[in-house]
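Everything on this sheet refers to the single structure shown next.
All of the numbers you see were taken from the coordinates with simple rules; none came from a lab. What you are looking at is a predicted structure, and each value in this text was computed from that prediction instead of being measured. Cβ: placed from backbone, ideal geometry, glycine included. Neighbour counts: every protein chain shown.
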Amino acid sequence: MKIKLFTIPNCITLTNLLCGVGSIISSLVYNDLQMAFIFIIASAVADFLDGFSARLLKQYSALGVQLDSLADMVSFGVAPAVAMSVLCGQMPSAFGLNEMWSEVVCYIPLIVVALSALRLAKFNIDETQKEEFEGLPTPGAAILLGSLAMLCERNSLVIELEWLALISVLVALLLISPIRMFSLKFHEWGLGSTDNKIRYGFLLTACLAINLIRLYAIPAIIVLYIAISTVRWVAKKR
């Protein structure tokens, strides 16, 4: 069986992967969490474009599916976990932990890597996630954690070491939670369906938030996405 390696979607997926590696290098080598976040955003854009180009060009392949998961593991699992771990090493302890215990806490964000792997592996075999997601998608988790790291480095936000570790654990648990989260993929453009109304309302609110509070809007938008999805999930269950 002949397998085409360098299709347009695969090349875009590889761009996603390289941006993820760039984010890790920015965090570990240059201690630049702002650039690390920029690379995560670039990865998210590439992640959207590879699926879009595959649908547009009808270049679906089993190789592309596996490659996408591998790239996402690096860009949306390892990269944000590393950024949060580096940030933890820069932040003061809320409870006055000594140096040894502070170092131990700095490793807690790595749980994001493990649960991202579970999330992505499950997604590949779960046929119920074509129209919506179960658990927080890895790009959303990465953008939330990466944006917090970026804002803290800019001295725009101060979050103590222990709270950063707790946020990382909560975000990691959301990755494998049973909460059904809506997708932003439009299958039709009208307002007829409830999910389309939710999508348009969410996108409008996100645009307003970016206009009003600028960079602070980035983590707020992801939190809003989680909140709306949770309310929607609970309402559907009832």
Once you've got the GNM for the chain with C-alpha springs shorter than 10 Å, pick whichever of Cys11, Cys19, Cys152 has the biggest mean-square fluctuation.
-> Cys11
Here, GluC sites (Glu not before Pro) of segment 68-136 satisfying both criteria (DSSP loop; at most 15 other Cβ within 10 Å) are Glu131
For the chain, with a Gaussian network of springs between Cα atoms less than 10 Å apart, report the residue from Ala227, Ala217, Ala71 with the top mean-square fluctuation.
-> Ala227
Taking the chain as the reference, fit the longest principal axis to its C-alpha atoms, fit the long axis of helix 33-57 to the helix C-alpha atoms, and give the angle between the two in degrees, 0 to 90, nearest 10.
-> 10
Isolated Cys in the chain by the 4.7 Å beta carbon test?
-> Cys11, Cys19, Cys152, Cys207
Each label point is 7 Å from the Cα along the Cα-to-Cβ direction; what then is the distance between the points at Glu103 and Tyr216, in nm?
-> 3.7
Yeah, segment 180-238 with a ≥ b ≥ c from its alpha-carbon gyration tensor (a/c under 1.5 is rounded, else prolate when a/b outruns b/c, oblate otherwise) is oblate
Kirkwood Rh and Cα Rg combined as Rg/Rh, segment 49-109 | 1.32
For the chain: relative contact order, % (alpha-carbon pairs under 8 angstrom, 6 or more apart) = 21
Which net charge results when you count Lys and Arg as +1 and Asp and Glu as -1 among the other residues whose beta-carbon is under 14 Å from that of Asp68?
-> -1
Estimated [θ] at 222 nm from DSSP helical runs (n ≥ 4, -39500 (n - 2.57)) normalised by residues in the chain, nearest 500 | -22500 deg cm²/dmol
Ranked list, fewest to most other Cβ atoms within 10 Å of each Cβ, for Phe52, Phe76, Phe39 | Phe52, Phe39, Phe76
Just Ala142, Ala81, Ala94 to compare: in a GNM of the chain, with alpha carbon springs under 10 Å, which one fluctuates most?
-> Ala94
Enumerate the lysines that Lys4 could reach by cross-link, defined here as Cα to Cα under 23 Å, with residues fewer than 8 away along the same chain left out.
-> Lys58
Angstrom value of the Kirkwood radius, inverse mean 1/r, which spans all Cα pairs in the chain = 18.6
